[in-house]
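Shown next, in C-alpha cells, is the structure this report addresses.
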Amino acid sequence: MTLTSYRKAAAFALGSIFLLTILRTAWISDDAMITMRTVLNFEHGYGLRFNIDERVQAYTHPLWMFVLAAFSSLTSNIYTGTFAASILTSLLAYWLLLCRLGGLRGGAIVAGLALLLSKAYIDYATSGLENPLSHVLLIVSVLLAIRIDRAPDTRTLALFFGVVSLAYLTRPDALVLVFPLSLWVLYRCRYLPLKHVAKSVVIGGLPAILWTLFSTWYYGFPFPNTAYAKLGTGIEWSERVRQGIRYLIQSADHDPLTLTVILAGLALGFTRDAVSRAISLGILLHIAYLLNIGGDFMEGRFLTVPLMAAAISIARQDLDFRGMSVVCGGVLLMGSASFKSTVLSTSEFDIPEVRANGISDERGYYFQKHGLLPALAGYEAPGKAFRFNQPDWTAYEYRVQPTCQLGALGLKSGPHVHLVDECALSDPLLARMPAKVNRHWRIGHFYRQFPTDYLKSLELRSNEIKDPAMRQYYEYIRLVTRGPLNHPARLKAIVKLNAGRVPLPDMEPYRTAFVPRVSGSQTATYRHLPKELSGSTWDSAANTQFSTNLDIQVEPPIPADWIDLSLSRDGAAEYAIYTLRQGAWQELARIPAQDSKGMGIHRIRAATSQDTPISAVRISVVQGDGRYALGHLRLD
C-alpha cells in the first residue's frame, strides 16, 4: 500500500468516525433557540423578529439565520432543520479541510484527528449556533488567499472579499481573525490597477453593505441588538481580561488538546509562507479579542474558529508516514482526556452544574433536554429530553414575561408572548443601558434594571415610564422599533439615534442604585401562599415573583411572634421586611445580599407581643438585579 493509499484510508476512517461522533453528540443550545424563534416568526409572516410586536435583531448571525430558515422550510420542522444544517455544514468543513485544503497530506490527517478529539470542536460542530458555517468560510477564504498569493487577479479578489463579507454576516467578530489575511491579500494585489482593486473589494463587500443598509432601515440600527447589549455593559477592562484568562484556563483544564493545537498551529504558521503567517497573526488577534471581551459563558465556543485556523496551518504540512504517525500518537494521547465527551460520548452525557467562574459545559448542561440521542430514545422523565415536535405557532395569548432564558421558553411560549430579556439581548431599550453593578457578574449574563413601569409600558403598548428623560429616550426607540417602516418621523429618528443626537438619560442610577420596577406594590393573600418551601430556584412555579414591593394581606389578622419565610438569593437581592399592625407599618428586619443562589429560609422575630395581630406583611426590595421571589410565608 502506498503512502497516498494510507492517507485516503485514514481520511475515510476519520470522516466516518467524525460523522458518527457528531450524530451521537448532536444537541441544540438555548441561545440557538433564540434564532429559531425568529425563524418561526419569519416563516409565519411576522417578520424577522424575536417578539412579533417589535423589530429587534436578537440574533448575531444573519447568514446562519437564513440557512436555518432554508433547512426549516425544507424539513417542515425547525428542530430537524437545525440539526440537519449543523451536521451537513460541519461535514462540509471537515471535507474541505482534509481533501481540498489539506490535499490528504500527512498534516491534514493530523489536523482532522485533532478536530475529532477536540471537545470544543465536537461540542460546537452542532449546537445550532453559527460555528460550522464560520469554519467553512474560514477555509474557503484561505483557499482563495492561497490562489491570490500564487497569481493575483481581481476576480479572485472579489470572491475573497465576498467570502469575508459572508463571514461577517455569520458572526461580525470573525473579521478579527481574517483581518491580517485580508491585509496580506490587498498587499499581494498592490501591482494591480487601484481602481480595479477597489471595485473588487466593494463588489465582494456588497453582502455586508446591503445587509447593514437593510438592518438600519428595518431594525433601525446597523448592528445586532446583541452587540449593543454585550459591549455596553460598563464592566471594567481589567475585570473582563481576568475573566478571559479564566476562560482559557478552564479550557486548558477540561480540553487540553484544543489550546495545544491552537498554540502549535500558531507557532507553525510563523515558520511558513505569508498566508500562514497572516493566519497566525489572526489567531493572536482573536485571542487578544477574546481576553478583551472576557471570554464567554460557553466553555470552548469561542475557541473553535482559532482552532480551525490552527488546523489549516497544520493541514498544509507535508508529513511522511513516520512523522504523521508520531504526531497522531501525541494527539491521541492528549485527546484521550476528552474521549468520554467526544468519540465515546453516550446518550447519558450530563454535566448540569455551572461552575463558580460562570463558565459552563453547555452541551453537558442541555444535552439531556435538547440532545438528539435522548430525544430519539424518547425519554419521558421530568428534566429529560422532549420530543422535537414542531412548536405550535398559532395559539394567541398576549402577555409580557420577564426572563433570562429566552431560547426554549421562547419556542414553548409561541409568538404572542412578549419575552423581556433581563440580559437585554432581545430588548432595544435595555441593550442601550449599562448593566447593574454586581461584583458577582457572570460573563454573557449582564442584568439590567428595568426603568420604573417599563413592563407596564410593554403590556399596554404605550410609554408609561416614570423617569422623564428615560421616557423621552424610549419614545425614540419605540418609534424606530414599532412605528410604520417608511414614516418620515421614523426615518428621522433612526438618523438621530445612530448619530447620537438624542439626549441620553442619566444612566448612573440604573448602574449603581436600586430602581423599582413598578411604581406601586404587588399584592398577595396570606391564606393562598405556601406555608413550606417547595421550589429550590427563584423562578420555581410555586414561588411568587415580584418587582419592588410585595404586600401580603392577612385576613383576619393573626397574632404572631415569628415570621418564617423564604426569599430568592439570586442577583444580590437585599430585602426589608415590614409588618402592618393597627394601621401602622413597622420595619422588622433587613435581609442582606448573600453570595449564593436559590432560595434562602429566614426566621424573623416579631417585635411586639401576640396581643397585637399582624394585618399585612410587606417585603420591599432594597437592591438587586430583578430576580425577586417569595417561596413561602408562615406566621407563628
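The values are calculated or read from the model by the stated rules, or taken from the named source; none is laboratory data. Quick caveat, the model's predicted, so the values are computed rather than measured. A quick note on method: Cβ atoms are made from the backbone with ideal geometry, for glycine too, and the neighbour counts reach across all protein chains shown.
Against the list (1) modelled with pLDDT of 90 or more; (2) surrounded by fewer than 18 Cβ atoms within 10 Å (Cβ to Cβ), the condition Asn357 fails is (1). Those residues that are aliphatic (A, V, I, L, M) and either surrounded by 14 or more Cβ atoms within 10 Å (Cβ to Cβ) or not in a loop (DSSP other than H, G, I, E, B) (or both), I need them from the stretch 496-522; list them, please. Within the stretch 496-522, Leu497, Val502, Met507, Val515, Val518 qualify. You will find that of Asp296, Asp273, the residue that is closer than 28 Å to Trp184 by Cβ, acidic (Asp, Glu) and either without any contact (Cβ under 8 Å) to a residue 12 or more places away in the chain or surrounded by fewer than 22 Cβ atoms within 10 Å (Cβ to Cβ) (or both) is Asp273 and no other.
Pick from Ala493, Ala489, Ala469: which is assigned to a helix (DSSP H, G or I), surrounded by fewer than 16 Cβ atoms within 10 Å (Cβ to Cβ) and either in contact with a helix residue (DSSP H, G or I) (Cβ under 9 Å, 6 or more places away or on another chain) or modelled with pLDDT under 95 (or both)? I'd like the intermediate steps shown before the answer.
Details: Ala493 fails: surrounded by fewer than 16 Cβ atoms within 10 Å (Cβ to Cβ); Ala469 fails: either in contact with a helix residue (DSSP H, G or I) (Cβ under 9 Å, 6 or more places away or on another chain) or modelled with pLDDT under 95 (or both).
After applying the criteria, what remains is Ala489.
Considering only the stretch 102-122, I want to know if a residue exists there that is within 17 Å of His370 (Cα to Cα) and under 20 Å from the mean Cα position of the chain (by Cα). There is at least one residue in the stretch 102-122 that is within 17 Å of His370 (Cα to Cα) and under 20 Å from the mean Cα position of the chain (by Cα). The set of residues in the stretch 193-215 being of a type in the set (Lys, Arg) and either without any contact (Cβ under 8 Å) to a residue 40 or more places away in the chain or on the phi > 0 side of the Ramachandran plot (or both) consists of Lys195 alone. The number of residues in the stretch 613-636 being in contact with a helix residue (DSSP H, G or I) (Cβ under 8 Å, 6 or more places away or on another chain) and not in a strand (DSSP E or B) comes to 4. Residue count for the stretch 270-303 satisfying the condition of being among the polar types (S, T, N, Q) and either within 15 Å of the chain's Cα centre (by Cα) or assigned to a loop (DSSP other than H, G, I, E, B) (or both): 1.
Tell me, please, whether a residue that is buried (at least 24 other Cβ atoms within 10 Å of the Cβ), modelled with pLDDT of 95 or more, out of contact with any Phe, Trp or Tyr (no Cβ under 9 Å at 6 or more places or on another chain) and part of a helix (DSSP H, G or I) can be found in the stretch 50-68. Yes, the stretch 50-68 contains at least one residue that is buried (at least 24 other Cβ atoms within 10 Å of the Cβ), modelled with pLDDT of 95 or more, out of contact with any Phe, Trp or Tyr (no Cβ under 9 Å at 6 or more places or on another chain) and part of a helix (DSSP H, G or I). Cβ-Cβ distances below 8 Å connect the following pairs, each with a first residue in the stretch 531-542 that is in contact (Cβ under 8 Å) with a residue 12 or more places away in the chain, a second residue that is basic (Lys, Arg), and a separation of six or more residues or different chains: Lys531/Arg634; Glu532/Arg634; Thr537/Lys597; Trp538/Arg569; Trp538/Lys597; Trp538/Arg627; Asp539/Arg627.
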